[in-house]
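The values are calculated or read from the model by the stated rules, or taken from the named source; none is laboratory data. These numbers were taken from a predicted model, which means no experiment stands behind them. Virtual Cβ from ideal backbone geometry, glycine too; neighbours counted across all protein chains shown. With ligands, DNA and RNA removed, areas are computed over all heavy atoms of the protein, side chains included. Shrake-Rupley method; radii C 1.70, N 1.55, O 1.52, S 1.80 Å.
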Amino acid sequence: SQHDKSERVRALVKSITAAIGGDPTLADRAAVLSKCDLLTHMVGEFPELQGLMGRYYALHDHEPAEVAEALREQYLPRFAGDALPATRTGMALSIADKLDTIAGIFATGQKPTGTRDPFGLRRAALGLLRTTIERQLEIDLQQLIGQALAALPFAAPEDCARDVYDYIIERLRAYYVEGGAGFEVTAEMFDAVLATRPASPLDFDARLRALAEFLELPDAQSLAAANKRIANILRKATEPVRDEFDPELLIDPAEQILGEQIEAIARQVEPRFAAREYTSALKSLAVLRKAVDDFFDSVMVMADDATLRANRLALLRRLLGLFMHVADLSRLPG
């Protein structure tokens, strides 16, 4: 029912407002009033007035201006290229409303197939993503999807949260590949970031921008090729690979140099990854190119000695792990 939806949206609005630094009182009031105008004859007769009438009724009832504005903004953006919500309250309400709709439809097993999208979920997903990224809002999409599904009056299927995340993020592909963000993105670049499954769309955007800059560097192609090679080696490894290598077991000069450089650069870049300074972190990692090339030229990873082999695999895993803070470069062509 409309009342149940309002209550679910209200809870989501509370979480989103806390994350984006909005006013909780205004946001809650807007959520309570969000669907009131749908009960009026005016909107029943002219559906395109939804939200607009809500704004008029709210102003007429002397509600705060931001609450009234948010009632209109909850439906934005209505189409590609449409305006985005401008108030924090409107942003939170718009994201919450769209997320509740998508979660509800997926949970009832009516997810869109092919080109059919009777509930406008594509538009809703892209709208909430554009609002998040273009308004620079920091939200944990995975956590909010979980909250939206848990609030439904029935149990969602087991993999539903993953499906909803995949569906929403997949809408970003066209946005980037068709140039919506204003910089060039290939499908492979998108997949490289998608492989790391960032919880925040804004974080996804930051990784993609850093990756685009990194790929302009002269050492990028060689490192992308190395990542591909490492991923293949690790995939074929029959024994489990440790996360950490033992520097004492590095015997070849090329692997000693690579091991030292990895540890030195890791100390520099790990705080930067945590602060999402991905561009400078990737630029630092680009310095590893020569050591990586030399390693592959002179070191036999799959040595007969099991201890050496395990340590070399761990060394490569550590290297790959550094890049994985941003993207899975093994998915790039090269």
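Selection of the range 63-99 for residues being under 24 Å from LEU152 (Cβ atoms), among the hydroxyl-bearing types (Ser, Thr, Tyr) and not in a helix (DSSP H, G or I) yields only TYR75. Selection of the range 119-141 for residues being surrounded by fewer than 16 Cβ atoms within 10 Å (Cβ to Cβ) and either part of a helix (DSSP H, G or I) or at pLDDT 95 or above (or both) yields GLU134, GLN136, GLU138. Counting the residues of the range 216-251 that are within 30 Å of LEU129 (Cα to Cα) and surrounded by 18 or more Cβ atoms within 10 Å (Cβ to Cβ) gives 3. THR186 falls short of the stated requirement of being surrounded by fewer than 21 Cβ atoms within 10 Å (Cβ to Cβ), among the polar types (S, T, N, Q) and under 17 Å from ALA281 (Cβ atoms). Restricting attention to the range 215-262, the residues being outside any helix (DSSP H, G or I) and farther than 30 Å from PHE183 by Cβ number 13.
Going by what's in this entry, would ALA192 be described as open to solvent by less than 30 Å² (accessible area, probe 1.4 Å), farther than 22 Å from ARG10 by Cα and not in a helix (DSSP H, G or I)?
no
This table checks each residue for (1) more than 18 Å from ALA327 (Cβ to Cβ); (2) of a type outside the set (Val, Ile, Thr); (3) free of Cβ contacts under 8 Å to residues at least 24 places away in the same chain.
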position	(1), (2), (3)
TYR176	no, yes, no
PHE190	no, yes, yes
VAL193	no, no, no
PRO198	no, yes, yes
PRO201	no, yes, no
ALA206	no, yes, no
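Selection within the range 282-316: residues that are of a type in the set (A, V, I, L, M) and in a loop (DSSP other than H, G, I, E, B). The member of this set that is farthest from the chain's Cα centre (by Cα) is ALA303.
Condition check ((1) at pLDDT 95 or above; (2) within 24 Å of GLU73 (Cα to Cα)) across all residues:
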position	(1), (2)
ILE102	yes, yes
ARG173	no, no
GLY182	no, no
GLU188	yes, no
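Selection of the range 195-215 for residues being at negative phi, open to solvent by 50 Å² or more (accessible area, probe 1.4 Å) and under 14 Å from the mean Cα position of the chain (by Cα) yields only ARG209. Look at the range 211-222: where a residue is within 14 Å of SER280 (Cβ to Cβ) and at pLDDT 95 or above, no partner that is among the acidic types (Asp, Glu) and surrounded by fewer than 15 Cβ atoms within 10 Å (Cβ to Cβ) sits 6+ places away or on another chain with Cβ atoms under 9 Å. When only residues in the range 177-189 that are in contact with a Leu (Cβ under 7 Å, 6 or more places away or on another chain) and outside any loop (DSSP other than H, G, I, E, B) count, which is farthest from GLU134 (Cα to Cα)? If we take residues in the range 177-189 being in contact with a Leu (Cβ under 7 Å, 6 or more places away or on another chain) and outside any loop (DSSP other than H, G, I, E, B), then GLU188 is farthest from GLU134 (Cα to Cα). Within the range 142-176, if we keep just the residues that are part of a helix (DSSP H, G or I) and among the small types (Gly, Ala, Ser), the residue that is farthest from ALA92 (Cα to Cα) turns out to be ALA174.
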